[in-house]
Structure formats: C-alpha cells, structure tokens
1. Among LEU38, LEU25, LEU59, which is away from the ligand (no atom under 13 Å from the Cβ), touching a Cys at 6+ places or on another chain (Cβ under 7 Å) and not assigned by TED's automatic domain parsing to the domain that holds VAL282?
2. Is it the case that THR91 is of a type in the set (Val, Ile, Thr) and touching a helix residue (DSSP H, G or I) at 6+ places or on another chain (Cβ under 8 Å)?
3. Any residue in region 1-22 that is among the hydrophobic types (A, V, I, L, M, F, W, C) sitting within a Cβ distance under 9 Å of a residue that is assigned to a loop (DSSP other than H, G, I, E, B)? List the pairs, counting only those 6 or more apart or interchain.
4. Could you please find all residues in region 108-144 being surrounded by fewer than 17 Cβ atoms within 10 Å (Cβ to Cβ), among the small types (Gly, Ala, Ser) and within 20 Å of HIS19 (Cα to Cα)?
5. Select from region 145-181 the residues that are among the small types (Gly, Ala, Ser), within 11 Å of the ligand (Cβ to nearest atom) and buried (at least 24 other Cβ atoms within 10 Å of the Cβ) and list them in ascending order.
6. Sort out for me the strands (runs of 3 or more DSSP E) sitting completely within region 1-65 that have 1 or more residues that are within 21 Å of ILE340 (Cα to Cα).
7. Which numbered condition trips up ARG123, out of (1) in contact with a helix residue (DSSP H, G or I) (Cβ under 8 Å, 6 or more places away or on another chain); (2) more than 14 Å from the ligand (Cβ to nearest atom); (3) not in a strand (DSSP E or B)?
8. What are the residues in region 216-251 that are more than 18 Å from the chain's Cα centre (by Cα), within 14 Å of the ligand (Cβ to nearest atom) and within 24 Å of TYR189 (Cα to Cα), if any?
Amino acid sequence: MKVFESLRATNHEQILFCHDRETNLRAIIALHDTSLGLAMGATRLFPYNSEEDALRDVLRLSRGMTYKAACANIPVGGAKAVIIANPEEKTDALLKSYGRFVESLNGRFVTGQDVNLSPEDVRTINKETNYVVGIKELGGGATLATAIGVVLAIKAAADFRWQRKNLDGLKIAVQGIGNVGKNLCKILYANGVKLFVSDLIRDKAEEIADLYEATIVEHQHIHSLDVDVFSPCALGGILNSSSILQIRASIIAGAANNQLENEELHSQLIKSRKILYCPDYVINAGGLINVYNEMIGNDDEKALSHVRKIYDTVLEIFDKAEREEITTYTASKLLAEERIKKQKQQKIQQQLLIA
Ligand code: NAD
C-alpha cells in the first residue's frame, strides 16, 4: 500500500506507527482530522492477516469517526487506533506500552475501548496516559449506549418505512452477539421483538437463546433470513455484492463499523433493492456520545438525552435521501460535511471573540 497516496485519498492528517520490542507492541494510530482541537477514536485489538489490512482498517475507521462525531453534533475530529495482536497476546505490559504512545500525542488523540478491549483494559492504558475515556462507564457504559442508539435507529426506520410507532412482533436478525449485540438483544426482546441470532462462538448465541427466546441461526445464513430487520453487529464488510442480493429484510440497521464493503457501489445496490439502510456511523454513535459526555463532565441523564437525538438525525437522513433521490449513505455524508463546516465556523468565531 502506498502510504502517502492513501493519506491523500482519505484526507488524513497523520499516522503514527508504534513499535515496542520488549512487549512486541505493533499498533497504528490514525488521526483523520484534528482541526477542531482533538480527535477521538477507540482502540481495536485484532489479529490482522497483514499490516496492509490493519492500515486499511484504521484509515477507514478513523475517517468514519470524523463523520460519526459530526452527525452526533460532537465538536471533535475523528481518529482510530489498532493494535495488531491476538486477544491471547494482550498483556498489561503491552497495553501500558501502547498507553505511552497515546500520551506522546499530548491530547491530540483521546481513545477508548473497541473490539477485543474491555473497560478494564482501558483502565490499564490509563496508568500511562490520561487521554482515555470510558473509565466511568456513564449510564451503564459505552456499549449499552451504542445498543440504545441502534434501537432508536430501528424505531426511526420502522416509523419511516411502515409508519409503526413500536417494534412489537417484528422479526430481527442480529449478527454478532458481543458487547453491543448482547445489549441490543436485551432491549429488542423487551420491545416485543422475535430474535434470530448468530455468533461464531456458539456459547454466546446459546446464552441469548436461553435469555430472550431467540432462534440460533448458522452464521452463513443470518443475513439472508426472511425477517423485517437485519442488524450487523460483528465486523465490517458484511454488505457486499453477494450478500446484498441475498438480503430479504426491508431494513438494515446494526452497530458494526464499515458495513459497506464499497461505500458508493454497495449503498447504491441496497437502494436499488429498495432496502432502507441506516448508515452505520450515524446509528452506532451512542458509544462515542457516551464517552464524550464523560470527557466534558456531564451526568448520565445528559449523556442519554444526547444519545436519544440519534432518532431525529436518522429521520433527517431518510427525508433528505428521499427528497434528493440519493442513497441514505450519501445523505449522511452530506449532513456530516454540513455539520463539520458549521462547527469549524463556530470555532473560528470563538477564536475571533477571544482575540
Ligand atoms: P465484540 O468483539 O464484543 O463482538 C463481536 C461479536 O461478533 C463477537 O462475539 C464475535 O464472535 C462475533 N462475530 C465475528 N464475526 C462474526 C460473523 N461472521 N458472524 C457472526 N458473529 C461474528 O464487539 P462489540 O463491541 O460488540 O462491537 C461490535 C461491532 O460494533 C464492531 O464492529 C464495533 O466496531 C462496532 N461498534 C462498537 C461500539 C461499542 O461501543 N463497543 C461502538 C460503535 C461501534
């Protein structure tokens, strides 16, 4: 991969490659946009097949964070970090070594927990740097907030598509029963939803089947079930030229980042199949909103009411897409760009007032 070409193509500011021989740390921190002062983005630990895969992932995820923050009306830029490792290789020494690299950025980058990291791991990183969030686990924590945001988006989509004000009796297929998927199933079940679930780890699916009367589905088939909503909550790239043609749900709304393998091509394909797609970075912003509110010292109630705004943002995107005959993905990008422009203008005005 040509690094500078990738930076230019995605309009990134900086990449930090972190290596520590003693702990065998290999991490990449990507800062997409710090023009508002600081950039936020969680850290993912994953056994990437290659360094190129890791770089590609961190670049896509960090750019998505800029859009995510903008759509959530959070005045920060986007960033992301990946640690290339197996979950079994995760040690306190490795996490602390990573924390020292975060500290070296002096607050331009603030991070938290993503795939394969726990709040406990964030507390370990915190021993070396204060530039972490998600320690207080406001209102039940970031993963619960993420799940709440996804449920709100499903409600907005059901309202937009079927003029339904509740989810009672809907069939929803959830792919991936991890930290977010588990919380999502709990809330959906309480809303009267009939659940279908899959996870690569069978025990996780069985736990949800026992708790919430869910039907377990083989992971190769979960996306093609005859259900109302498909909710991808595992990893990215699930919406591609082959899977989209098999989807029978009317709505796609899940927590996973980077669900579209190719954003332009596959959002068009979804639109042509008359499936209503809820853009991932808009609806999974609950976690970011939660930790941002922790960072600025807000309480549980303020954080939750900020998360609730996801419902209106999703409806605004659907309306814009319908009016302008564009995909919901393009509508969300345009909305993000408008909000970024506004936030930057506000920052300039504030600076002028101080001067
Ligand atoms: P997690 O690692 O706890 O859970 C992911 C689950 O998906 C695991 O149980 C894994 O076994 C399963 N899985 C992986 N591939 C699968 C497949 N092909 N089929 C079925 N199951 C599969 O992660 P998480 O924290 O629950 O996050 C899930 C997704 O949501 C990720 O893409 C993450 O980036 C995104 N996200 C998470 C948060 C958050 O607050 N944790 C916030 C925003 C976005």
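1. LEU25
2. no
3. LEU7/GLU13; LEU16/LEU105
4. none
5. ALA145, ALA147, GLY149, ALA173, GLY176, GLY181, listed by residue number.
6. Counting at least 1 such residues, we get 14-20, 25-31.
7. Status for ARG123: all satisfied but (1).
8. Result: ILE216, VAL217, GLU218, HIS219, GLN220, HIS221, ILE222, HIS223, SER224, LEU225.
The values are calculated or read from the model by the stated rules, or taken from the named source; none is laboratory data. A quick note: this is a predicted structure, and the numbers were derived from the prediction, not measured. Neighbour counts run over all protein chains shown; Cβ positions are idealised from the backbone, glycine included.
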